[in-house]
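Right, one structure below, let's go through it.
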Amino acid sequence: MNSQELRERIVAWVVDVGRLASPLFRSNETSQRASQLKRAADSVASHYRAAQIARSHREFIAKLSIALEEADETVGWLELSHREGMLRGDTTLRALDEGRQLTRILAKSRETAQANEGTTRKP
């Protein structure tokens, strides 16, 4: 998978998470969770995009690291929301699975980038 394909996959996941979070905004009890969930997911996409135009290899690793942290946070909010019964169904389970996969991909990408630190990054 190349960086553009990964970017598209991340964006699709972020859109799915946003759709899952949307009904949670309707209740005072769940609106804060919806906000946290949506903000974390949106941050994955924005930081991965920023990594793609990084000015240096170190900046690339830093932005990729933030995308990874935010992906893991999003998965955490999804897990918690699912366990508490705020989010249910196959769509939630698919979003959780995709989030876990993306987290592993981002972690491996960061590991590779760190191993290649000191080499010239090709855009």
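Taking the 1.4 Å solvent-accessible surface of the chain as the whole, the part contributed by carbon and sulfur is 47%.
Within the P(r) computed for the chain, what percentage of the Cα pairs occupies the region above 20 Å? Pairs farther apart than 20 Å: 41 percent.
A crude spin-label estimate for the pair Asn28 and Ala62, with each label 7 Å from Cα along the Cβ direction, gives 4.2 nm.
Ordering Ala115, Thr91, Val17 by Cα displacement along the dipole of the chain toward the positive end leaves Ala115 in first place; charges were set at the Cβ atoms of Lys, Arg (+1) and Asp, Glu (-1). The mean accessible area for residues of region 1-109, using a 1.4 Å probe and ignoring ligands and nucleic acids, is 56 Å² per residue. Region 67-103 and region 1-59 have Cα centres spaced 12 Å apart. The charge dipole of the chain, taken about its Cα centre with unit charges on the Cβ atoms of Lys, Arg (+1), Asp and Glu (-1) only, comes to about 320 debye.
The values are calculated or read from the model by the stated rules, or taken from the named source; none is laboratory data. As the structure is a computational prediction, the values presented were derived from the model and not from experiment. So basically every Cβ, Gly included, is an ideal-geometry build from the backbone, and we count neighbours across all protein chains shown. All accessible areas refer to the heavy atoms of the entire protein, side chains included, with ligands and DNA or RNA removed. Shrake-Rupley method; radii C 1.70, N 1.55, O 1.52, S 1.80 Å.
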